[in-house]
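Working notes for the structure below.
The values are calculated or read from the model by the stated rules, or taken from the named source; none is laboratory data. In this text the structure is predicted, and so the values were computed from the model without any measurement. Virtual Cβ from ideal backbone geometry, glycine too; neighbours counted across all protein chains shown. To get the accessible areas, we keep the full protein, side chains included, count just its heavy atoms, and leave off ligands, DNA and RNA. Shrake-Rupley method; radii C 1.70, N 1.55, O 1.52, S 1.80 Å.
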Amino acid sequence: MQTNINISLVLEAVRQIGDTFLIHYKKTAIPTDMDSLMDRLNQLDEQCLSSLKANLLPAYPDIPWFVGDEFDKAGQKQPLDLPEYWLCDTMDGAIQYLQHLPGWTINLVLIRQGQPYLSVVYAPLEGELYWAQQGKGAYLNDQPIHPSTKTDPAVMVAVFDYGHQDEAAFAPNLNQQVGTAVTRLLDHVGIVRNYGPHGLQLANVGAGRIDLFYQPGLDTFNWLAGLLIAREAGALVLTTTGQPWQWGDDSLLVAAPSVAKTLLTSLVKDL
């Protein structure tokens with residue numbers, strides 16, 4: 001039996017922890033060595049997870065929690081064999097947070113029957129909360145969002161991203177693939193950027209602020225929250241070869257339909 005989810009409760013839980021982090025933003029020293037960096041990252045993860053659980057576990061005691069480790073490539077190839085579970089990416093863009101830079105979010109996804117069912121991406125600095133429910137559309141705060149309608153590649157904004165890969169085991173020549181992708185994007189699209197958090201960039205494809213997202217390599221846990229938002233908003237969710245994306249695929253290309261109609265054939269061919 002599927003759990004009845006109170007959307008407002010989930011959104012408020014994510015907003016609350018994001019606003020708590022915002023209070024302490026730029027209040028701690030920037031880490032200057034690997035040990036202090038890893039300590040601070042672990043602290044952020046633990047604080048985020050414990051707060052979300054404190055707010056949601058009493059309401060949903062039977063839904064288990066799983067922390068998505070982006071370094072666990074084998075674990076990202078398929079969903080857990082559970083009817084439903086919370087997948088918490090904790091803070092996406094934690095490096096930016098620790099460096100006193102913008103570009104960090106709190107992400108949460110409810111996986112149901114092996115697919116994202118409810119996702120939230122909250123950007124506290126902007127006070128913007130993106131969310132989507134399977135089959136119910138996507139929203140920015142309480143307003144429906146939709147992808148761009150651009151048809152002129154010269155004014156399109158494409159973003160690229162990359163994950164933390166063990167190249168020898170999972171993605172030989174990944175750095176070269178990313179470099180080639182950026183070059184090809186520059187050949188086809190007027191504006192190419194990277195804006196940090198994967199989920200936020202994907203949500204912004206859904207909101208029409210970004211026209212195309214491209215990433216080689218496996219990075220499922222970083223994608224899932226924004227992927228559902230983009231898809232529910234009306235964006236196309238594909239692999240970099242132009243095929244429909246499925247859990248476990250090792251690349252992602254998300255684009256507004258107008259971009260696909262104008263650009264996708266030549267872009268996929270070159271990439």
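Taking the alpha carbon gyration tensor of region 202-241, multiplying each eigenvalue by 5 and rooting it gives semi-axes of 16, 11, 9 Å, largest first. Cross-link partners of K136 among lysines, defined as those whose alpha carbon lies under 26 angstrom from its own and excluding same-chain residues fewer than eight positions apart: K53, K150, K261.
For Q99 and N173, FRET efficiency with R0 = 22 Å and r from the beta-carbon atoms, rounded to 0.05? For R0 = 22 Å, the calculated efficiency reads 0.15. Accessible area per residue for the chain, computed on protein heavy atoms with a 1.4 Å probe, is 45 Å². Listed values for region 122-129 are Karplus-derived 3J(HN,Hα) couplings in whole Hz (6.51 cos²θ - 1.76 cosθ + 1.60, θ = phi - 60°), namely 10, 9, x, 4, 9, x, 10, 10, and x replaces Gly and Pro.
Relative to the Cα centre, what is the charge dipole magnitude of region 1-132, using +1 at the beta carbon of each Lys and Arg, -1 at the beta carbon of each Asp and Glu, and rounding to the nearest 20 debye? Display every interim value, and only then the final one.
Values: 8 positive and 17 negative charges, 43 e Å.
Around 200 debye, computed over region 1-132.
Applying both filters, DSSP loop and at most 16 other Cβ atoms within 10 Å, to the trypsin sites (Lys or Arg not before Pro) of region 1-75 gives K26, K27. Expressed as a whole percent, the accessible area of the chain that falls on carbon and sulfur atoms is 52 (1.4 Å probe).
Every Cα-Cα pair in region 79-156 was counted, and those over 20 Å apart are 49% of them.
A cut-off of 5 Å between modelled amide H atoms, ignoring neighbours fewer than 5 places along the same chain, links Y117 with L110, I111, R112.
Based on alpha-carbon atoms, the Kirkwood radius and the radius of gyration of the chain give Rg/Rh equal to 0.95. Shape summary: region 121-232 maps onto an equivalent ellipsoid whose semi-axes, from the alpha-carbon gyration tensor, are 25, 18, 11 Å in decreasing order.
Here the Kirkwood formula, the inverse mean of 1/r across different C-alpha pairs, assigns region 14-113 a hydrodynamic radius of 14.7 Å. Could you work out the longest stretch of the chain that avoids the GluC sites (Glu not before Pro) located in DSSP loops with at most 13 other Cβ atoms within 10 Å? The segment 1-125 is the longest one with no such site.
Take every Cα pair under 8 Å in the chain that's 6+ residues apart, average their separations, divide by the length, and report that relative contact order as a whole percent. Walk me through the intermediate numbers first.
Numbers: 551 pairs, mean separation 48.9, N = 271.
Reported relative contact order: 18 percent.
Think of it as helices only: each DSSP H run of n ≥ 4 in the chain is worth -39500 (n - 2.57), and spread over all residues that comes to -10500 deg cm²/dmol at 222 nm.
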